[in-house]
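Reviewing the structure listed below.
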Amino acid sequence: MLESSDIEKINRAAEILAKSKYAVVFTGAGISAESGIPTFRGEDGLWKKYDPEEVASIQGFRRNPRAFWEFSMELMKKTSAEPNPAHYAIAELEKMGIVKAVITQNIDMLHQRAGSRKVYELHGSIEKLKCLDCREEYTWEDFTDLIQNSEIPRCRVCGSWYVKPKVVLFGEPLPSTVLYQAIEESRRADAFLVVGSSLVVYPAAELPYIAKSNGAKMIIVNDECTIADSIFDVVIHGKAGVILPKIVEKVKEIRGSMS
Ligand code: OAD
Ligand code: ZN
């Protein structure tokens, strides 16, 4: 059950979005938690079990691709994961003409599968892979059977073991065009909605500050407090899959009464 203070915050968030001309959404691992994908930080976070330096850095991958792949197999659960009501709520806000862009740190492609069309993937996605030695590119499907048998992909052209999904690992730069576009979208936003991110990984976590300093009204929906809560006008602590559909419901009500 939601408390009355939550309902009041949901109403305020809906009002900001309904009146906005250019709303931008920024998401992190927390939005996919209700789809069964583990987050990185927090109680059951992946970084409690794995050392990010070992399994999620470019140096770690170079040292030991197998450790990276073993970690990725756990994340692979995401290939069978489905979008949840939070992803669908954001896609619906885009269809209503309110949300103009989604910027995500996630690599799971669940926004697109829920129907969001303008998605900036700051950390890449698992859709494509590339051989670090001969640059040959592959799609996920090329290796699905192999990975399901817990085998490690190997380049079919040059035999290298360094076939890496085009996701951003620690120690690698973000794709510069995507980052540039995400900065532009954040500048342009008059409403900026953060969902499910601890806001500690840079440069991604810079984007809410860019939006704020350009005058956007700021909303965050996150299970726990973040270090950036103080820059937000509306802070809602709760499950994205519960809160976002309620915000959409209210936006529709407000829109209905405005027309
Ligand atoms: P984190 O795991 O750091 O943070 C996820 C946030 O989501 C936490 O603050 C949780 O409280 C919150 N959360 C969990 N379940 C939720 C739910 N059902 N509804 C709402 N909020 C929920 O994930 P990110 O901020 O995405 O980068 O992490 C940023 C980057 O760190 C990732 O992209 C990844 C990681 O290392 C790279 O690998 C380069
Ligand atoms: Zn190769």
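The values are calculated or read from the model by the stated rules, or taken from the named source; none is laboratory data. Note that the coordinates shown come from a computational prediction; the quantities given were computed from them, not determined experimentally. For neighbour counting, all protein chains shown are included, and Cβ atoms are generated from backbone atoms with ideal geometry for every residue, glycine included. SASA here: full protein model, heavy atoms, side chains in, ligands and nucleic acids out. Shrake-Rupley method; radii C 1.70, N 1.55, O 1.52, S 1.80 Å.
Residues in the stretch 205-231 that are open to solvent by less than 30 Å² (accessible area, probe 1.4 Å) and either among the polar types (S, T, N, Q) or within 16 Å of ligand 2 (Cβ to nearest atom) (or both): 2 in all. The residues of the stretch 206-251 that are away from ligand 1 (no atom under 16 Å from the Cβ) and assigned to a loop (DSSP other than H, G, I, E, B), listed by number, are Asn214, Gly215, Ala216, Asp233. Of all the strands (runs of 3 or more DSSP E) wholly in the stretch 85-182, which have at least 2 residues that are open to solvent by less than 10 Å² (accessible area, probe 1.4 Å) and not aromatic (Phe, Trp, Tyr)? Per the criteria, 99-104, 124-131, 163-167. Looking across Ile16, Ile58, Ile10, one residue alone is modelled with pLDDT of 90 or more and either within 16 Å of Asn222 (Cβ to Cβ) or hydroxyl-bearing (Ser, Thr, Tyr) (or both). It is Ile10. Each residue in the stretch 142-184 was checked for being under 16 Å from the mean Cα position of the chain (by Cα) and more than 16 Å from ligand 1 (Cβ to nearest atom), and 2 pass. Residue-level analysis places Asp190 outside the set of residues that are more than 16 Å from ligand 1 (Cβ to nearest atom), out of contact with any Asp or Glu (no Cβ under 7 Å at 6 or more places or on another chain) and open to solvent by 60 Å² or more (accessible area, probe 1.4 Å).
Among the residues of the stretch 62-73, is any open to solvent by 30 Å² or more (accessible area, probe 1.4 Å) and within 16 Å of ligand 2 (Cβ to nearest atom)? Within the stretch 62-73, one or more residues are open to solvent by 30 Å² or more (accessible area, probe 1.4 Å) and within 16 Å of ligand 2 (Cβ to nearest atom). Output the residue which, of all residues in the stretch 1-38 that are part of a loop (DSSP other than H, G, I, E, B) and in contact (Cβ under 8 Å) with a residue 12 or more places away in the chain, is surrounded by the most Cβ atoms within 10 Å (Cβ to Cβ). Filtering the stretch 1-38 for residues that are part of a loop (DSSP other than H, G, I, E, B) and in contact (Cβ under 8 Å) with a residue 12 or more places away in the chain, the one surrounded by the most Cβ atoms within 10 Å (Cβ to Cβ) comes out as Gly28. The single condition among (1) more than 8 Å from ligand 1 (Cβ to nearest atom); (2) within 24 Å of Lys118 (Cα to Cα); (3) not acidic (Asp, Glu) that Ile254 does not meet is (2).
Quick one: in the stretch 185-234, of everything that is within 26 Å of Ile37 (Cβ to Cβ) and of a type in the set (Ser, Thr, Tyr), which residue is nearest to the chain's Cα centre (by Cα)? Among residues in the stretch 185-234 that are within 26 Å of Ile37 (Cβ to Cβ) and of a type in the set (Ser, Thr, Tyr), the one nearest to the chain's Cα centre (by Cα) is Ser197.
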